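Reading through the structure tokens given below for one structure.
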Amino acid sequence: MMFATKRHEGHSHGLSKDNQQVAVSFLCVVLALVLLKACFRALGWYIARQRLSIGDLELPEISPTLSSIHNLLGRTQAFATGVGSLSIPPSLDISWIQYSRFSSGKIFLLATYATVIGFMIRVIRTPTSSTHFIEDIAFRAGWVSITQIPLIYLLATKFGPLNTLAGFSYERINWAHRWIGRILFICTTVHMGYFFSLWISYGVVRTELNMMKVVRHGLGAYGVLVWIAVTSMLPLRRWAYKWFYLNHLVSTTAFLCLLWLHIPKHARYNIYLSLMIIGFDILFRMMNVVRNNFQFAGWRSGYAAISSELEDKDHASGGVSFGHLAEVETYSDTDYSLVHGQGTITHLRLRELPFSWRPGQHIRTCVPRLGLLEFHPFTPATCYFPTTSVSKKAGQQDFEAEADIDDNDDLDMDSRVLDLFVLSHRRFTRRLIATAQEGVHRTAIIDGPFGAPPSWTNYEKVCLIASSTGVSFTLSIMDHLARAAVAKRPSSRTLQLKQIDFIWVTRHFCAGFDEAVTALLKTHAAKLRETGVEISIQIFVTSPYSISQGMEESGLCPMDTAGGASATSSLHGEDHEEVDNTNPLVSADGDGFALTALSIHRDINVADESMTPMDVDTFAAAERPLMQSHRAQKNHLDDTIQRFYGQRPNVSSILDTVLPATHEISQIVGVCANIGMASEIGNAVAKMNIAFAFGRRARGVELFSEAFT
Ligand SMILES: Cc1cc2nc3c(=O)[nH]c(=O)nc-3n(C[C@H](O)[C@H](O)[C@H](O)COP(=O)(O)OP(=O)(O)OC[C@H]3O[C@@H](n4cnc5c(N)ncnc54)[C@H](O)[C@@H]3O)c2cc1C
């Protein structure tokens, strides 16, 4: 008891004010950084709008000094982004802790953060030697711990100030949420460790625990924190994401409650702030879900809605309804399943959606019948593009764009159809397959959209690289660029696009999926070529099993292959011609061959009896804008698709080829790929930016990357 009283004396012997000031200063710095980022964002938005109305300024003509300052700033920024986005070598990979591979920028930020926290505990306004030294450090560590809690909650939100004001999408900052959480854990360990070492030296551990409720609550909070740290480890998260999520919700609530009991009253503002952050996030998220999914078709159709609910309890077609009907079908791997069992892609289609999304954004989907309150992130393969009438309704002032649309023959501009391609994993995605096989449609609830992609139309050259179902991401960008090119939006003066390179890498050959992707690609390519945009498309199927299957699907005889090797001979190693491995675009370890689409694709206009209504729809939608003149160009279009079977692309060489150092045009690389490929591309682009900073390139390259497991 005597010690406990002493402890409180220690807390009030003057340092308490310092502790509070250090903690409040930390929150002020965080707030200032968020506001600064919001200001930069607003400035960027203002400059973009100015460009829309007056076009790019020719700085060298206006002022050579201004131009050289602009140049210097550009190169400095390119150097910082280049160095910051270099990822650590695969040998130092810690992907068992963390989804994405660490970049040097992230390491730098974390090291800076940890140093600041270390200084706050040990250096800033702490006595170097006093009778209360250990206790002072313990108290300071406690204050530094609780002041980080609102930041950790801020980093976990989807609709918080970091997302809405500063423009950081949740999936890009949750690595910081996890790592700052780990730093918090270390700080609380210091807080508790110092107190325990003191109590042990005085022999009062038992007395402290028996006499002081506050100590018991603190110990409880620390126990919950240990539980959160253990259950948030990546292998457990991967193993059962839903249970991880529910456990995280319950545990963090318990942690806040125990903390509220443990900390002094004048420190509780941290808890209130955290509750406010979560409260607003939940509120805005719920409002968004209601806005996206709630439909009211008038009271008169209420009866129809009720009877429809009674007939098919899953979805109402009129009156009041919640959610959207998702049409579901599956495509099975054509090559892999023969050897290893079934791997499947599910195609979901939702129509007439009442909300908009931007190319490169993703949505979170919940199908209540397949998992209540389970929201899974997926990227649309189509883009939202409103019709002229919708634009008018929305009161948009883009008269120039409207005039351009009216002049255009292609009136099929409306796109409120959202297509998702889902790769099967274990739980939800497997249940989707079963649904498709039963032939029933399900109600899907949509949350989002999320993500802060750039304005793709601002670039002259766009290079899109995707692996597997990441192709949805690149397809939606192609769709958007094609529609923007036809409609000349945002305006013919500001639409910069001149060239697109599209690369899709997939492990297995899945005929249905391949056909759906190719059909969409052909539509977009036709529109883009018509507007004078150069297009190059390369598709790599890396599995050796794909070689024979690709040949079979195409109905090709071995002599048709462009790479010169017969598929069967590549696979079985019987007497075969050497594969041409001198192509710098494929990895040297490749064992396959290359084809142009002309030779391998069945004409999608030829009716196939096995087509499902959704297939027909996909192809019809894809073909609709292909007018007679386009059909005449079809063979030429097919020629633009190069196919490689049984070979991996050499992405660095591809990037060197498509983004030469001499090009002065604005360039961006959009990537949605597995961690390995995303890191390889990130490194290649980082090196290009460093080269630009040192004057070895004419222009830097921007990168927007979305990595997934
Ligand atoms: C931004 C983003 C966009 C994505 N876009 C696509 C896409 O277009 N097509 C596609 O096929 N896949 C996409 N994914 C991956 C997809 O969300 C997961 O594969 C899917 O949720 C797995 O569900 P499951 O129950 O079958 O998985 P499980 O087999 O249980 O888990 C497989 C993996 O998915 C993760 N996961 C499971 N549920 C969630 C969840 N609710 N939120 C986040 N991760 C989860 C797990 O941690 C695990 O690593 C995307 C992921 C992200 C983060």
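Here are the numbers for this structure:
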{"item": "Considering residues of the range 424-440 that are aliphatic (A, V, I, L, M) and surrounded by fewer than 17 Cβ atoms within 10 Å (Cβ to Cβ) only, the residue modelled with the highest pLDDT", "result": "A434"}
{"item": "Positions within the range 188-204 being within 17 Å of G220 (Cα to Cα) and hydrophobic (A, V, I, L, M, F, W, C), in sequence order", "result": "V190, M192, F195, F196"}
{"item": "When residues of the range 417-456 are limited to those that are in contact with a helix residue (DSSP H, G or I) (Cβ under 8 Å, 6 or more places away or on another chain) and of a type in the set (A, V, I, L, M), the one farthest from the ligand (Cβ to nearest atom)", "result": "V417"}
{"item": "Subset of the range 457-488 (residues that are within 23 Å of G44 (Cβ to Cβ) and within 11 Å of the ligand (Cβ to nearest atom))", "result": "F473, S476"}
{"item": "Verdict on S476 being surrounded by fewer than 24 Cβ atoms within 10 Å (Cβ to Cβ) and within 19 Å of the chain's Cα centre (by Cα)", "result": "no"}
{"item": "Test: R493 is within 16 Å of the ligand (Cβ to nearest atom), open to solvent by 30 Å² or more (accessible area, probe 1.4 Å) and at pLDDT below 85", "result": "no"}
{"item": "Those helices (runs of 4 or more DSSP H) lying entirely in the range 229-300 with at least 1 residues away from the ligand (no atom under 16 Å from the Cβ) and within 23 Å of I186 (Cα to Cα)", "result": "241-262, 269-293"}
{"item": "Filter pass, F195 being more than 25 Å from P377 (Cα to Cα) and buried (at least 19 other Cβ atoms within 10 Å of the Cβ)", "result": "yes"}
{"item": "Only one of A229, A176 that is assigned by TED's automatic domain parsing to the domain that holds N163 and open to solvent by less than 20 Å² (accessible area, probe 1.4 Å)", "result": "A176"}
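The values are calculated or read from the model by the stated rules, or taken from the named source; none is laboratory data. Just so we're clear, the structure is a prediction, and the values are computed from it rather than from any experiment. Reconstructed Cβ throughout: ideal geometry from the backbone, glycine too, with neighbour counts over all protein chains shown. Remember, those area values only see protein heavy atoms, side chains included, never the ligands or the DNA or RNA. Shrake-Rupley method; radii C 1.70, N 1.55, O 1.52, S 1.80 Å.
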